1. Would you kindly calculate the translational diffusion coefficient of region 2-88, applying Stokes-Einstein with the Kirkwood radius from alpha carbon pairs, for 4 °C and a viscosity of 1.567 mPa s, and quote it in µm² s⁻¹ without decimals?
2. Can you compute 3J(HN,Hα) from phi for each residue in region 30-39, using the Karplus curve 6.51 cos²θ - 1.76 cosθ + 1.60 with θ = phi - 60°, rounded to whole Hz and x for Gly and Pro?
3. Give a residue-ordered list of calculated ³J(HN,Hα) values for region 10-15 (Karplus: 6.51 cos²θ - 1.76 cosθ + 1.60, θ = phi - 60°; whole Hz; x for Gly, Pro).
4. Within straight cross-link reach of Lys10, meaning Cα distance under 24 Å, which lysines are found once same-chain residues fewer than 8 apart are removed?
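Nothing in this text is a laboratory measurement; each read-out follows from the coordinates by a stated rule. The structure displayed is predicted, hence computed values, not measured ones.
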Amino acid sequence: MAKNALLEIKRSLEPHVGQKIMLRANGGRRKTIERSGVLEETYPSVFIVKLDEEQQSFKRVSYSYADILTESVEVTVCDNDGQVRITYIQN
């Protein structure tokens, strides 16, 4: 059942490759990390985000679909004008 949920998350992200996204990730010890970038690629177990230029510590980050499933990461897909389009949160 969990495998189907992971596949469903992957399939829902695939059409948004190349679009701007916002990430809100659990940083541990009550810290929340917010990043923005472009969804660069989806792979069978992970997805890659190319971060905006202003965030200089890393150029790319990867997260697993299980991170979304376990609510460690919240992904928000944005339109070209920056408006929120879809938010991926597991309920």
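1. D = 99 µm²/s.
2. 6, 9, 10, 9, 10, 9, 9, x, 10, 5
3. 4, 5, 6, 7, 3, x
4. Lys20, Lys50, Lys59
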